[in-house]
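The values are calculated or read from the model by the stated rules, or taken from the named source; none is laboratory data. Note that the structure is predicted; figures quoted are calculated from it, not measured. Positions of Cβ are generated from backbone atoms using ideal geometry, with glycine treated the same way; all protein chains shown enter the neighbour counts.
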Amino acid sequence: MPYLDMRKCSQIAMTSKNKSKYTRNANSGVGDGVHPVESWYRTFYSPVIDQKLRNLGIGYTTAPVAPTVIAVTGVKLDQTTLTLNAGKSAQLTATVSPSNATNKSVTWSASNSNVSVSGGKVTAKTAGSAIVTVTTADGGYTAQCNVTVNASTAVDHTELTSLNLDGNCYFDTEILPDEKTNTKARWNLQSGTTYIAGARDDNYKIGYSCTDNIYVVRGTVSSADKNAPFWANDWIIEQTNASCKVGDTIVATDAIDSFKLSSPYYLGNMSKNSTPAGTGVVGKIYYAQIYSGDTLVADMIPVKKSDGTLCLYDKVRKKYIYNAGTGTLKEG
């Protein structure tokens, strides 16, 4: 049961019996309400009562004091550049300023899938580069580390004949097609497939779709699709410049002198402004190759990694390309 400290707050009240003992202003004749022995009462008597109340287990409280909040003024990383081989890890340490800041919590993020980061531990996934960013919860201050991932010198997989796709699996090649892009892939396509491979954005499109026929397109958004007969089976689909060969059927797409997409080439679906266009391949992928003119820039094969992960391995870029969809891959 809290109460006020009598040594600080006790005061003898003026009553009709003791009002003559209260001091008065000589000029106004008005009393100031303070008993002449008030100081003695507070100094000597109140502490005795106060201690007795404490002995009885009755304490007193003081007014609450708001805690002092020390705001964050910045954050730094112990390393601003980092080089790792694919599959290796390194620890980054963030230092929040000032050292006595109230909330020193931070979050970590990576700019792409070449690396992953958790609690400052950076794990290299595939060859390339990425930026790791640490952000303070208080104030949103950031610091960054540029990470370079070298291709792993060790082979960590077993090659497979094919991978089985359920319509919800796709692979982002991270290659932006242009007028020099040529492709070749072997697929097993089953009914239910809508998009096979390719990319499109607000200006251009290149790739293959499938309903009652296989449709081929390469050109602007207004370019018409060309078709070839379809049946559930294995297919080799090859595009060289404006000419496409679907099985034994050759179709010609629009010839454009210059274009480049802002959306990457997908396998197992078609990208639409960097998101899947719809239902992808129901069937299998055996291999896929992408050329820039006559130069092979990606040669992707199905593999099973030592940890059991199913994915594609690019023999040119020496990097793994993982299923980016919601479906489940199976060995072919």
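Taken across the stretch 235-247, residues that are in a loop (DSSP other than H, G, I, E, B) and within 38 Å of the chain's Cα centre (by Cα) do occur, with at least one present. Select from the stretch 280-309 the residues that are crowded, with 16+ Cβ neighbours inside 10 Å and in a loop (DSSP other than H, G, I, E, B) and write down the one among them that is nearest to the chain's Cα centre (by Cα). By that ranking, first place goes to 280. Annotation note: Cβ proximity below 9 Å between a residue of the stretch 73-101 that is under 13 Å from residue 116 (Cα atoms) and touching a residue at least 40 places away in the same chain (Cβ under 8 Å) and a residue that is surrounded by 13 or more Cβ atoms within 10 Å (Cβ to Cβ) and charged (D, E, K, R) (sequence gap 6+ or interchain) occurs for 86/125; 86/156; 86/318; 86/319; 87/125; 87/156.
When residue 312 is tested against (1) out of contact with any Phe, Trp or Tyr (no Cβ under 6 Å at 6 or more places or on another chain); (2) surrounded by 17 or more Cβ atoms within 10 Å (Cβ to Cβ), exactly one condition is not met: (1).
Residues in the stretch 315-332 that are among the hydroxyl-bearing types (Ser, Thr, Tyr) and farther than 15 Å from residue 288 by Cα: how many? Qualifying residue count for the region: 2. Here residue 312 qualifies as within 21 Å of residue 127 (Cβ to Cβ), touching a Pro at 6+ places or on another chain (Cβ under 7 Å), of a type in the set (A, V, I, L, M) and at pLDDT 95 or above.
Candidates 269, 323: the one that is in contact with a Leu (Cβ under 6 Å, 6 or more places away or on another chain), assigned by TED's automatic domain parsing to the domain that holds residue 208 and crowded, with 18+ Cβ neighbours inside 10 Å is 323.
Taking the criterion of being closer than 27 Å to residue 179 by Cα, among the basic types (Lys, Arg) and touching an Asp or Glu at 6+ places or on another chain (Cβ under 8 Å), the only residue of the stretch 294-331 that qualifies is 315.
Taking the stated definitions as given, is residue 227 polar (S, T, N, Q) and not in a loop (DSSP other than H, G, I, E, B)? It is true that residue 227 is polar (S, T, N, Q) and not in a loop (DSSP other than H, G, I, E, B).
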